[in-house]
Amino acid sequence: MRFLDPGFLFALLAVAIPIIIHLFNFRKFKKVYFSNVRFLKFVQIQTSSRQHLKDKLILASRILALAFLVFAFARPYIPNPEQKNVYQQQVISIFVDNSYSMEAVNTEGTLLDESKRRAKEIASAYSLNDKFQLLTNDFEGKFQRLLNYDEFLTAVDEVKISASNRDLSQIIRRQKDVFIKEPNSRKTVYIISDFQENILPQAPVQADTSITIRLVRLKANSQPNVSIDSVWFTSAIHKPGDSEQMVVKLRNNSDEDAVNIPIRITINNQQKALGSLTIEPRATSTDTLFFSGLGAGWQEGVIDITDFPVVFDDRFYFSFNVQQSIPLLIINGGNENEYLNSVYRSDVFFTVTNVNSGNINYAGLSKYPFLILNEVDQLSEGLIQQLSEYVNKGGSLMIYPELAGDQQGLKKLLQTLGTDFPAEVVTAETKVSSINLQHSIFKGVFENIPKNLDLPVAKKYLRYSNQNNTTKQSILEFPGKVTFLSEYKLGRGKIYLSAVPLNAETSNFARHSVFVPIMYQTALLSLQDQSLFHKLNRDQVIELPKLTLNANQTLKLRKDKFEAIPDLRQNDNVSQLYVADQIRQIGNYQLLKNDSLLSILSFNDAGPESDLNYASDRVIKGKFPGHQVDIITPKPGSMQGAVQSINQGTSLWKLCIILALLFLAAEILLIRFYKQSHTKAVKLE
């Protein structure tokens, strides 16, 4: 046993006071004179042995009460077993949770403010010679080094709320990295957090048994919270001036109803739509909002809800592009097709270019999202290769065959594309028997579907092999599931394969009512729709359409005064943008090539911080199998003394106080209730 304040032991000299009182009985005897003893019948004669025993017991109680009171002030303790190892220095790693949930409040203020204060109190419990590491959710490289006490305090003051969040396994691994360089030091880990359930990893934490782990648990006031879960458009096509329908999904993370939560959509700093939602406890609900009047170009959107007092998840960013027009390329084997020109030239949204199959600019194919191969019989090796690359990179290719040729060029192309290929030309008149109304082409086309829908008839068509292609999706079929029009996928692109050319001699398809919506929708669906938003710390690689950069060109991500240069990697089909941990704040960011705008990228929080559910102590300890973990719930006031006590070992001062009170109580009981029963009576005559 040792003492934290051994100087108080000098007070044990006070034990001499009751001993002196016992040795020198200061009680004075008083003489009483009786003029007449006639009425005095008995005199009690008391034996002295039991009186002496009583005095000694009282003396012992007083001495022990005083001694244990002195011991309590000297703060005795049983040393921690780890103190048996002599360390010249201690290394302390302190993790301060700075995720969004730490903006919650309790009686001490915000949890982040309390966590920073607790970190300083913990550090003050150690020697000035000890070294400290500060760690936050940001995992910044500048904190992967040890700091002295003053540097640590300065670093703690600079901690701010971050969109990042880490689990216990990631935190412990990061802390272990800095301990590797200090093999001969005593190592202690502190994790200061509210311990939301999302901080728990799926697998148990692999912790080094040589490291002491202490979890400092902060508690926030119970608060309801509603968050924006996701948003999407009912249509991926955005045209200037068109009406837009956006679906907003909200999540109620509390155990009570969320009533009339207001929703506001802002596009390019202009309010576009308002709505409200009532959500049941622990449920989600959606609302569809309408707006219009958008011009061509990139749109920066923001969705706001009002949900006081938890507001860190009340804003959601998104972005999308409104195309001025869609450029289309029609490659003709002969003359231009009047039906195709009629469909697309009637709408200024489409810009149509017709070229002959022998006069194609291969380098310019990538600027057309939709390409139509119209009755081309002679297909060169170069054209086949270029069309294959075009589709793989995200282009949409529609093929109308030429029935008069030998189909060898078409067969080779389709085999390269991995679709069904020509088998034979069928001359029997055949009517289309089924239409796949669930296909995206027909979405929003029919208000009411007739029971006996009239379908196209073919007098002559090309029957394709049935290769059981897993990417095949039928649109129109002849009896027996024979292809009339089907869709295939290859890489990032699509192939639409027709069994008939567009002329009146082979079928009535070009004059049929389904022809226009099919051609219109396939062209619109050829647009590569970029993601409306990305998640921080999760979507670290963003795929974009193929980008080409010259030696003197660079990409930049910019938001207000912030600017970062992301890493760009190219593969055969797409460009990949690596943002890693460069983006730490939610918002809309401009992607620039030099100073030219390429797109808008929107980033939002990953979401788990919105669910203000906290893990129990039992569950937390269960994540550390075979490892002793201390969970500390701070009391009002400083943690410095508590940490010092834990570091020293088992504190005994409370036990000393209890024993002192017990011996004082024993003294009182002895004085009041100790009976002197052994007496004898003598008759006086």
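The values are calculated or read from the model by the stated rules, or taken from the named source; none is laboratory data. Note that this is a predicted model, so its numbers are computed, not measured. As a convention, Cβ positions derive from the backbone with ideal geometry for all residues, glycine included, and neighbour counts pool all protein chains shown.
Of the residues Asp605, Asp630, Asp581, the single one that is in contact with a strand residue (DSSP E or B) (Cβ under 7 Å, 6 or more places away or on another chain), acidic (Asp, Glu) and either buried (at least 16 other Cβ atoms within 10 Å of the Cβ) or in contact (Cβ under 8 Å) with a residue 12 or more places away in the chain (or both) is Asp630.
One residue stands out in the range 280-301 among those that are of a type in the set (A, V, I, L, M, F, W, C) and either closer than 30 Å to Leu592 by Cα or at pLDDT below 95 (or both): the one that is nearest to the chain's Cα centre (by Cα), namely Ala283.
Residues being among the charged types (D, E, K, R), within 22 Å of Asn341 (Cα to Cα), surrounded by 16 or more Cβ atoms within 10 Å (Cβ to Cβ) and touching a residue at least 24 places away in the same chain (Cβ under 8 Å) are entirely absent from the range 457-468.
Of everything in the range 523-541 that is part of a loop (DSSP other than H, G, I, E, B) and of a type in the set (A, V, I, L, M, F, W, C), the residue that is surrounded by the fewest Cβ atoms within 10 Å (Cβ to Cβ) is Leu527. Evaluating Gln415 against the criteria (1) surrounded by fewer than 18 Cβ atoms within 10 Å (Cβ to Cβ); (2) touching a residue at least 40 places away in the same chain (Cβ under 8 Å); (3) in a helix (DSSP H, G or I) leaves one unmet condition, (2). Whether a residue is small (Gly, Ala, Ser), assigned by TED's automatic domain parsing to the domain that holds Ile330, surrounded by fewer than 17 Cβ atoms within 10 Å (Cβ to Cβ) and in a loop (DSSP other than H, G, I, E, B) was assessed, and Ala423 does not pass this test. For the range 235-267, a residue qualifies if it is in contact with a helix residue (DSSP H, G or I) (Cβ under 9 Å, 6 or more places away or on another chain) and basic (Lys, Arg), and the qualifying residues are Lys239, Arg251. If I ask for residues that are within 23 Å of Gln323 (Cβ to Cβ) and of a type in the set (A, V, I, L, M), which ones from the range 348-372 would you list? Selection gives Val348, Val352, Val355, Ala363, Leu365, Leu371, Ile372. Taking Leu371 as the residue in question, decide whether it is assigned by TED's automatic domain parsing to the domain that holds Ile518, free of Cβ contacts under 8 Å to residues at least 40 places away in the same chain, crowded, with 18+ Cβ neighbours inside 10 Å and in contact with a Phe, Trp or Tyr (Cβ under 9 Å, 6 or more places away or on another chain). No; evaluated as a whole, the condition is false for this residue. Selection of strands (runs of 3 or more DSSP E) fully inside the range 264-310 by the criterion of at least 2 residues being free of Cβ contacts under 8 Å to residues at least 40 places away in the same chain returns 270-279, 284-291. Counting the residues of the range 533-576 that are closer than 20 Å to Gly301 by Cα and hydrophobic (A, V, I, L, M, F, W, C) gives 6.
Yes/no matrix, rows are residues, columns are (1) modelled with pLDDT under 60; (2) surrounded by fewer than 16 Cβ atoms within 10 Å (Cβ to Cβ); (3) more than 24 Å from Leu662 (Cα to Cα):
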site: Leu13; (1), (2), (3): no, yes, no
site: Tyr33; (1), (2), (3): no, yes, yes
site: Leu69; (1), (2), (3): no, no, no
site: Ala72; (1), (2), (3): no, no, no
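So that you can scan it fast, the table gives a plain yes or no per residue for (1) on the phi < 0 side of the Ramachandran plot; (2) in contact with a strand residue (DSSP E or B) (Cβ under 9 Å, 6 or more places away or on another chain); (3) not acidic (Asp, Glu):
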| position | (1), (2), (3) |
| --- | --- |
| Thr110 | yes, no, yes |
| Ala123 | yes, yes, yes |
| Thr136 | yes, yes, yes |
| Tyr149 | yes, yes, yes |
| Asp157 | yes, no, no |
| Lys160 | yes, no, yes |
| Arg166 | yes, yes, yes |
